[in-house]
Amino acid sequence: MSESVVVIGAGGHAKVVLATLEALGTEVTGIFDDSADLWGMQLLGHEVKGPVQEAQSYGAPGILAIGSNRQRQKLAEELSLEWVSAIHPSALVHETVEVGPGSVIFAGAIVQPETVIGDHVIVNTGARIDHDCRIGSFSHIAPGASLAGTVAIGQGALMGIGSCAIPGVTIGDWSVVGAGAAVVSDLDSQVTATGVPAKSAGGDLSS
């Protein structure tokens, strides 16, 4: 973890990112957000300094504190920053786990051996990921979600709060699994699935 970082985003999700950085003893050089009404305000004692593009002039690596998967992807592609990951000290992450740049693993999360986490992934509070999972870049494992072993999560997919997936299933790119849903078979890309067992409602989520 870098000694200092710039944080992109000043919403509610940013508070959890900031709390993680504070727990790691990482200095926050500044927070940047395109909402002008936030400039000059304090977020957990850290100043929102200006628009997102301005972060590039500070010479510090960055972390995207934005909950929207698509917005994280957009900014990761647009901004010329070195991206760093952050893992809360209370998270249990096995030494064999691979964590891509820009990813965050929050308090109480558990990530078991040989799992691979892509870039700019959110493993949220208390989420559980068992062995040999593959978590695609820009995806989000929401608070309390549980993945059994060898689950594959596609790029940009969302596992909603309290949802779960049985061993070996694949969830396609940019799909959404609703809160509390149980995935017991593979899901296609760009679908929404809800219920127990989770069933796809179809629809195109590409936009």
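Can residue 193 be described as assigned to a strand (DSSP E or B) and not hydroxyl-bearing (Ser, Thr, Tyr)?
On the way: assigned to a strand (DSSP E or B): yes; not hydroxyl-bearing (Ser, Thr, Tyr): yes.
Answer is yes for this residue.
Of everything in segment 167-200 that's among the β-branched types (Val, Ile, Thr) and out of contact with any strand residue (DSSP E or B) (no Cβ under 7 Å at 6 or more places or on another chain), which residue is farthest from residue 68 (Cα to Cα)? So that I can check it myself, show each step before the final result.
So the first thing to find is which residues in segment 167-200 are among the β-branched types (Val, Ile, Thr), and the list is 169-171, 176-177, 183-184, 191-192, 194, 196.
With out of contact with any strand residue (DSSP E or B) (no Cβ under 7 Å at 6 or more places or on another chain) added as a condition, the list becomes 184, 194.
Values: 184: 26, 194: 19 Å.
Once the filter is applied, the top-ranked residue is 184.
Restricted to segment 1-36, and to residues that are assigned to a loop (DSSP other than H, G, I, E, B) and of a type in the set (A, V, I, L, M, F, W, C), which residue is surrounded by the most Cβ atoms within 10 Å (Cβ to Cβ)? Steps first, please.
Of the residues in segment 1-36, the ones assigned to a loop (DSSP other than H, G, I, E, B) are 1-3, 9-11, 25-26, 33-35.
Those still in the list that are of a type in the set (A, V, I, L, M, F, W, C) too: 1, 10.
Details: 1: 14, 10: 26.
Here the residue is 10.
Please count how many residues of segment 28-53 are in contact with a helix residue (DSSP H, G or I) (Cβ under 8 Å, 6 or more places away or on another chain) and acidic (Asp, Glu).
2
Hey, can you tell me all the residues within segment 84-124 that are surrounded by fewer than 18 Cβ atoms within 10 Å (Cβ to Cβ) and of a type in the set (S, T, N, Q)?
Answer for segment 84-124, where residues must be surrounded by fewer than 18 Cβ atoms within 10 Å (Cβ to Cβ) and of a type in the set (S, T, N, Q): 90, 96.
From the list 100, 126, 149, which one is free of Cβ contacts under 8 Å to residues at least 24 places away in the same chain, more than 15 Å from residue 177 (Cβ to Cβ) and not assigned by TED's automatic domain parsing to the domain that holds residue 14?
Details: 100 fails: free of Cβ contacts under 8 Å to residues at least 24 places away in the same chain; 149 fails: free of Cβ contacts under 8 Å to residues at least 24 places away in the same chain.
Answer to the selection: 126.
Give the number of residues within segment 37-64 that are among the hydrophobic types (A, V, I, L, M, F, W, C), surrounded by 15 or more Cβ atoms within 10 Å (Cβ to Cβ) and outside any strand (DSSP E or B).
We begin by selecting, within segment 37-64, every residue among the hydrophobic types (A, V, I, L, M, F, W, C); these are 38-39, 41, 43-44, 48, 52, 55, 60, 63-64.
Remaining after also requiring surrounded by 15 or more Cβ atoms within 10 Å (Cβ to Cβ): 38-39, 43, 48, 52, 55, 60, 63-64.
With the extra rule that they be outside any strand (DSSP E or B), the set shrinks to 38-39, 52, 55, 60.
So the answer is 5.
If we scan segment 103-110, do we find a residue that is assigned to a loop (DSSP other than H, G, I, E, B), under 15 Å from residue 72 (Cα atoms) and of a type in the set (Val, Ile, Thr)? Before you say what the answer is, go through the steps one by one.
If we filter segment 103-110 for residues that are assigned to a loop (DSSP other than H, G, I, E, B), which is where we start, we get 103, 106-109.
When the remaining residues are screened for being under 15 Å from residue 72 (Cα atoms), the result is 103.
Imposing the further condition that a residue be of a type in the set (Val, Ile, Thr) reduces the set to none.
The answer is no; no qualifying residue exists.
Within segment 40-66, can you find the residues that are touching a residue at least 12 places away in the same chain (Cβ under 8 Å) and not aliphatic (A, V, I, L, M)? Write out each step before concluding.
From segment 40-66, those touching a residue at least 12 places away in the same chain (Cβ under 8 Å) are 41, 43-44, 46-56, 58, 60-66; that's our starting set.
46, 47, 49, 50, 51, 53, 54, 56, 58, 61, 62, listed by residue number.
Check 67, 144 and return the single one that is of a type in the set (Gly, Ala, Ser), outside the structural domain of residue 13 (by TED's automatic domain parsing) and assigned to a loop (DSSP other than H, G, I, E, B). Lay out the reasoning, then the answer.
Numbers: 67 fails: outside the structural domain of residue 13 (by TED's automatic domain parsing).
From the options 67, 144, the qualifying one is 144.
The values are calculated or read from the model by the stated rules, or taken from the named source; none is laboratory data. Every value quoted in this text rests on a predicted model; they were computed, and no experiment measured them. Positions of Cβ are generated from backbone atoms using ideal geometry, with glycine treated the same way; all protein chains shown enter the neighbour counts.
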